[in-house]
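Engineer: Sharing a structure with you now.
The values are calculated or read from the model by the stated rules, or taken from the named source; none is laboratory data. Since this is a predicted model, take the numbers as computed values, not measurements. Don't worry about glycine lacking a Cβ; one is built from the backbone with ideal geometry, like all the others, and counts go over all protein chains shown.
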Amino acid sequence: MDARCEKLKKKNMNELYNKGCASLEQGDYESAVEHLTAAAEAGYVEAQYRLGMMYRKGEGIKKDVDKAALLLFDAAVQGHGIAQYIMGKCYLYGDGVIPNPREAFMWYRAGARSGYAKSQFATAECYYQGIGIEQSYEKAAIYYRMAAEQDFTNAQLALGQCYDQGLGVEHNEKEAFRLFLQAAKKEDNDYAMFVVGSCYEQGKGVERDVEEARVWYSKASKDGYADAINALHDLDGMMV
């Protein structure tokens, strides 16, 4: 196929994909599936991913994890980072494929190398727990760091715990606290805020400050996080 034909083919696939997305926004799922299917069958990676996720979730179409896995696989082999991550989940939990921890790890790692933070975290978890690959705290820390540098909260917490316990990295309580605080400042993770409060209460990685501990425990307890509530009660008891 010459360059001109290839360019025209890509334009047609892009038009089909855009029409499919427009139909989705309008709630016209029949038209969306028709256009996305045509684009996916022509090899358009975003259409393969989008249609695959529709089948996976049952979004405007009958849920079909087998079709979802086939479409997501097609997108994944073309280097679609999110599709690679989803294929990792498919193989880990047996969604549309036969469960295979090794395949799950391979797809997670592919997504990690594509730069997808969730996949970097999942790869780290595989190394940390020895899922589909030989257990390695050192390699887990490497992938936790990749995701943490993309501001992925769970990775910041996990890497902080690695530094706190000296797993895969040199024990460093100050670095652990820095990562815990980085995660907690978003104020969307009760556990992270609780951990920072605990660090301030114990003087772990930071100068001991009971009042600052109270501030963070209070933030963590707003949604009913039990450990934070209990920690606040304990602080109140210390003041009596």
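Engineer: Could you grab me the full set of residues in the range 92-127 that are in a helix (DSSP H, G or I), among the aromatic types (Phe, Trp, Tyr) and buried (at least 21 other Cβ atoms within 10 Å of the Cβ)? Spell out the reasoning first.
Structural biologist: Taking the range 92-127 and keeping what is in a helix (DSSP H, G or I), we get 92-93, 101-113, 117-127.
Of the ones still in play, those that are also among the aromatic types (Phe, Trp, Tyr) are 93, 105, 107-108, 121, 127.
Those that are in a helix (DSSP H, G or I), among the aromatic types (Phe, Trp, Tyr) and buried (at least 21 other Cβ atoms within 10 Å of the Cβ): PHE105, TRP107, TYR108, PHE121, TYR127.
Engineer: When you check LEU72 against the structure, is it more than 30 Å from ASN12 (Cα to Cα) and in a helix (DSSP H, G or I), yes or no? Give the derivation first.
Structural biologist: Working: more than 30 Å from ASN12 (Cα to Cα): no; in a helix (DSSP H, G or I): yes.
No; evaluated as a whole, the condition is false for this residue.
Engineer: I would also like to ask the following. Can you confirm whether LYS219 is outside any helix (DSSP H, G or I), buried (at least 16 other Cβ atoms within 10 Å of the Cβ) and not assigned by TED's automatic domain parsing to the domain that holds PHE152?
Structural biologist: Values: outside any helix (DSSP H, G or I): no; buried (at least 16 other Cβ atoms within 10 Å of the Cβ): yes; not assigned by TED's automatic domain parsing to the domain that holds PHE152: yes.
No.
Engineer: State yes or no: is LEU167 in contact (Cβ under 8 Å) with a residue 12 or more places away in the chain, crowded, with 23+ Cβ neighbours inside 10 Å and either within 21 Å of ASN189 (Cα to Cα) or out of contact with any Leu (no Cβ under 9 Å at 6 or more places or on another chain) (or both)? Spell out the reasoning first.
Structural biologist: Numbers: in contact (Cβ under 8 Å) with a residue 12 or more places away in the chain: yes; crowded, with 23+ Cβ neighbours inside 10 Å: no; either within 21 Å of ASN189 (Cα to Cα) or out of contact with any Leu (no Cβ under 9 Å at 6 or more places or on another chain) (or both): yes.
No.
Engineer: Still on this model: So which residues in the range 17-41 are crowded, with 21+ Cβ neighbours inside 10 Å and more than 19 Å from GLN78 (Cα to Cα), if there are any at all? Give the derivation first.
Structural biologist: In the first step, residues of the range 17-41 are kept if they are crowded, with 21+ Cβ neighbours inside 10 Å; the result is 17, 20, 32, 35-36, 39-40.
If the condition is that a residue be crowded, with 21+ Cβ neighbours inside 10 Å and more than 19 Å from GLN78 (Cα to Cα), then GLY20, ALA32, HIS35 are the ones that fit.
Engineer: Kindly indicate the residue of the range 42-68 that is closer than 18 Å to GLU30 by Cβ and out of contact with any Leu (no Cβ under 8 Å at 6 or more places or on another chain) and also surrounded by the fewest Cβ atoms within 10 Å (Cβ to Cβ) among those meeting that condition.
Structural biologist: Going through the qualifying residues, I end up with LYS62.
Engineer: Output the qualifying pairs, or none if there are none: Cβ atoms under 8 angstrom, residues six or more apart or on different chains, first residue in the range 63-79 and aromatic (Phe, Trp, Tyr), second residue part of a helix (DSSP H, G or I).
Structural biologist: Hits for this filter: PHE73/ALA83; PHE73/MET87.
Engineer: Right, something else. What do you reckon, is ALA83 modelled with pLDDT of 95 or more, crowded, with 17+ Cβ neighbours inside 10 Å and in the same structural domain as ALA141 (by TED's automatic domain parsing)? Before you say what the answer is, go through the steps one by one.
Structural biologist: Working: modelled with pLDDT of 95 or more: yes; crowded, with 17+ Cβ neighbours inside 10 Å: yes; in the same structural domain as ALA141 (by TED's automatic domain parsing): yes.
For ALA83, the condition - modelled with pLDDT of 95 or more, crowded, with 17+ Cβ neighbours inside 10 Å and in the same structural domain as ALA141 (by TED's automatic domain parsing) - is met.
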